[in-house]
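What follows is a set of notes on a single structure, which appears directly below.
The values are calculated or read from the model by the stated rules, or taken from the named source; none is laboratory data. Since the model is a prediction, treat every value here as computed from it, not as a measurement. When we count neighbours, we look across all protein chains shown, and the Cβ atoms used for this are built from the backbone with ideal geometry, even at glycine.
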Amino acid sequence: MPFCPKCGTKNEEGALFCRQCGTAFRQTEDNTSSVPDSPVTPAVTVKEQAVVPANGALSSVVQREKIRAGEVERIDDMLRHFRSKQKLYDDLAECRKLKTKMNDPSQLRVEGTKKAWPFMVIGPIVAWPVSFFIMGGMDQIVAGLIVAAIGIGILVYGIVRLVKNKKLTGKYVSETSQQASDRLNELTEKINSHYNSYGKCELDPADTEPKRLEKLKTYIVTGKADTIEEAVKLLHKES
């Protein structure tokens, strides 16, 4: 059974022309068509060869765009739900900053505290020359003792301020830390409750903060990431 050497169409025995493309078959001496008995793969031109990978690449780009569009739509859905609780997330961030500050009381400026270090520096400076006065007569000794008393008084005043500052700071840290902890627990509970009301969510509660969701969306829209999972990894890496 002959097959057309050009298009590969199956033809009747003895056919002179291909019934599909019209190609003439070469005749042999016994007046039979000289065509192959098996289909011949049509030749592919250079132009056709170039089209194949191009179409494949286009298909890949289209598929990627569809995936990204779907991921952006899912993030938009999360934003519609979590954006209404932006205030809770902001308050939570402030509480965490406050808790961090409590770990280094020396960096705190507590109301009621006053600088103590100037007096603790000036006091000894005023008092130390007393030794020169003692070497002289009675008048000088009296003057030296008076100067020494003034210097010691300044130093003591500085120490009293320092002790008072530590008490005020300690009280502030104790009360504020407890308040911050209570507030932190309260905000976390509210956010988790709102998180659970969303239903099934692939993100951790911390990543549902609207500002973070906007960053995830930006990564996908700009092509830095194709999926939410990739965007989350990039966000954590840059944080």
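Annotations for the structure displayed:
- Complete set of residues in segment 182-223 that are within 18 Å of the chain's Cα centre (by Cα), under 17 Å from G70 (Cβ atoms) and of a type in the set (K, R): K217
Rundown of residues vs (1) among the polar types (S, T, N, Q); (2) surrounded by 15 or more Cβ atoms within 10 Å (Cβ to Cβ), yes/no style:
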{"position": "Y157", "(1), (2)": "no, yes"}
{"position": "T169", "(1), (2)": "yes, yes"}
{"position": "S174", "(1), (2)": "yes, no"}
{"position": "S181", "(1), (2)": "yes, no"}
{"position": "N196", "(1), (2)": "yes, no"}
{"position": "D204", "(1), (2)": "no, no"}
{"position": "V232", "(1), (2)": "no, yes"}
{"position": "H236", "(1), (2)": "no, no"}
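- Checking each residue in segment 72-105 for being within 17 Å of P210 (Cβ to Cβ) and among the polar types (S, T, N, Q) picks out S84, Q86.
- Residue pairs whose Cβ atoms lie under 9 Å apart, sitting 6 or more positions apart in sequence or on different chains, and linking a residue in segment 99-122 that is in the same structural domain as Q179 (by TED's automatic domain parsing) and within 18 Å of Q178 (Cα to Cα) to a partner that is in a loop (DSSP other than H, G, I, E, B) and among the hydrophobic types (A, V, I, L, M, F, W, C), are K101/L108; M102/L108.
- Tabulated pairs, segment 151-163, first hydroxyl-bearing (S, T, Y), second surrounded by 15 or more Cβ atoms within 10 Å (Cβ to Cβ), C-beta under 8 angstrom, 6+ apart or interchain: Y157/F119; Y157/G123
Residues checked against (1) farther than 24 Å from K87 by Cα; (2) in a loop (DSSP other than H, G, I, E, B); (3) among the basic types (K, R):
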| site | (1), (2), (3) |
| --- | --- |
| V163 | yes, no, no |
| K167 | yes, no, yes |
| L184 | no, no, no |
| H194 | no, no, no |
| K200 | no, yes, yes |
| A225 | yes, yes, no |
| E230 | yes, no, no |
| L234 | yes, no, no |
| K237 | yes, no, yes |
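- Looking only at segment 213-239, residues that are among the charged types (D, E, K, R) and in contact with a Phe, Trp or Tyr (Cβ under 9 Å, 6 or more places away or on another chain) come to 1 in all.
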